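Okay, structure first, notes after.
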Amino acid sequence: MKVLVVGSGGREHALVWAFARGGGLTELHAAPGNPGIATLASCHPVRADDPASLLPLAFELGVDLVVVGPEAPLVAGLADGLRRRGIAVFGPGAAAARIEGSKAFAKEVMEAAGVPTAQTLAVARPPCVVKADGLAAGKGVWVCRTQAELEAGLRGARALGQPFHVEELLEGEEVSVFALADGRHAIPLPAAQDYKRIGDGDEGANTGGMGAYSPVPRLGESEIAELVETVHLPVIAELARREAPFVGVLYGGFMLTEDGPRVLEFNCRFGDPETQSVLPRLEGDLLGALAAAAHGDLAGVELPASDQAAVTVVLASRDYPERGDAGTPIDGVAEAEAAGALVFHAGTALHGTRLVTNGGRVLDVTGLGGSLGEARDRAYKAAGRIAFDGMRLRSDIASFARV
């Protein structure tokens, strides 16, 4: 199978890594990719947000499957363009991708599907949550427990120049549950938990994610299956009823409240950095499963998870999330990998043969182990071997599992 992965971040590196270690590949391509991806696939200098160039690239390469990583190309309709040209794609069309592209649309779908979610508030009063309606690279949510935080959240939402709404603040444990969907059916993947704030103890600004771990102790296979049965499948059915079949990975962000699970949001793609903790735990043919979903038939497909645990620590630049960094030399990646960790490139580039920073979230270091504590220890030991000027990381990813 010839495969093209669209994207350039840690999530896409994890997908390429998972495909490369499996079977059934004849060619593996990425657009645009990154230096880590380039060790496993042929990279092409075409941006993920450039469908006018991606469509002819996929056609010229003669790929059998396109896997789209980021949300923006999906919301913009990249998958529709590929399908019109007869190219199989793992990723929803624009109509279904609105589940992430518009919070208002997602609320409407959830209400029609009978899925429990946070209540929208007519008046903004703390405690509450301010949410931008459209895409904001994981930074369009403001949790407001005080009036000052609410005023800051409203300013931030208005600055994005798009609609926003205010909803109730749900309390509990937040988890991410992915399900592969073929437009009618869905199969669950292991649950993960990510860390969105920049600082330890969930302090500071919201980010795209500073770390993750899997499995989530509170959610076993039966609990995950129940969530997919009662949440993901009704949403998939409602989207199909609206003639917007969802083909791809439907990512449900849940709050496990005292009154039961409530949906915080849906995303139309693999989460980042949760993917970097979930994929290393999967057993079976991931690429085959994604191809089956793209062709509309997940019947009989299974992707069991190993007993291993995974913890991912994000290494970010000095001023992230306000801005990224470019051109700063990076040392120690080979030493971290030699220590047994997986190092996924998220924001890197090559200057000659020198690896340098090229973004806000620069590297994702994933440790594996027989327990979350063991995986955490390996991730942090490996992360400690990497260095670049201004590097920052959270020290409390999966801190409950200290060994």
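The values are calculated or read from the model by the stated rules, or taken from the named source; none is laboratory data. What you see is a predicted model, and the numbers here were worked out from it, not measured in a lab. Neighbour counts run over all protein chains shown; Cβ positions are idealised from the backbone, glycine included. The area values use the complete protein model at the heavy-atom level, side chains included, leaving out ligands, DNA and RNA. Shrake-Rupley method; radii C 1.70, N 1.55, O 1.52, S 1.80 Å.
Among the residues of region 74-101, those identified as in contact with a Lys or Arg (Cβ under 9 Å, 6 or more places away or on another chain), open to solvent by less than 30 Å² (accessible area, probe 1.4 Å) and either over 12 Å from VAL5 (Cα atoms) or of a type in the set (Lys, Arg) (or both) are LEU74, PRO92, GLY93, ALA96, ALA97, GLU100.
Each residue in region 256-308 was checked for being basic (Lys, Arg) and part of a helix (DSSP H, G or I), and 1 pass.
Contact map, region 278-300: residues that are free of Cβ contacts under 8 Å to residues at least 60 places away in the same chain paired with residues that are among the polar types (S, T, N, Q), Cβ distance under 7 Å, separation 6+ or inter-chain. Pairs shown: GLU283/SER306. Residues that are outside any strand (DSSP E or B), among the acidic types (Asp, Glu), open to solvent by less than 50 Å² (accessible area, probe 1.4 Å) and over 17 Å from ASP272 (Cα atoms) are absent from region 374-387 altogether. Looking only at region 237-246, count how many residues are open to solvent by less than 20 Å² (accessible area, probe 1.4 Å) and either among the aliphatic types (A, V, I, L, M) or in a loop (DSSP other than H, G, I, E, B) (or both). Selection size over region 237-246: 3.
Quick check on VAL115: is it at pLDDT below 95 and in contact with a helix residue (DSSP H, G or I) (Cβ under 9 Å, 6 or more places away or on another chain)? So VAL115 does not fit the description; no. Checking each residue in region 188-211 for being under 12 Å from SER395 (Cα atoms) and under 15 Å from the mean Cα position of the chain (by Cα) picks out TYR195, MET210, GLY211.
Yes/no matrix, rows are residues, columns are (1) out of contact with any Leu (no Cβ under 6 Å at 6 or more places or on another chain); (2) at positive phi; (3) among the acidic types (Asp, Glu):
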| position | (1), (2), (3) |
| --- | --- |
| GLY153 | yes, no, no |
| ALA159 | yes, no, no |
| VAL177 | no, no, no |
| PRO190 | yes, no, no |
| GLY204 | yes, yes, no |
| GLY211 | yes, yes, no |
| SER222 | yes, no, no |
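If you take the residues in region 1-47 that are part of a helix (DSSP H, G or I) and of a type in the set (Gly, Ala, Ser), which one is surrounded by the most Cβ atoms within 10 Å (Cβ to Cβ)? My answer is GLY10.
Which residues, counting only those in region 253-265, are surrounded by fewer than 24 Cβ atoms within 10 Å (Cβ to Cβ) and within 24 Å of PRO70 (Cβ to Cβ)? Those that are surrounded by fewer than 24 Cβ atoms within 10 Å (Cβ to Cβ) and within 24 Å of PRO70 (Cβ to Cβ): GLY253, VAL263, LEU264, GLU265. Is at least one residue of region 129-145 more than 26 Å from GLU258 (Cα to Cα), outside any strand (DSSP E or B), open to solvent by less than 60 Å² (accessible area, probe 1.4 Å) and modelled with pLDDT of 95 or more? There is no residue in region 129-145 that is more than 26 Å from GLU258 (Cα to Cα), outside any strand (DSSP E or B), open to solvent by less than 60 Å² (accessible area, probe 1.4 Å) and modelled with pLDDT of 95 or more.
Taking the criterion of being of a type in the set (Lys, Arg) and crowded, with 19+ Cβ neighbours inside 10 Å, the only residue of region 388-399 that qualifies is ARG394.
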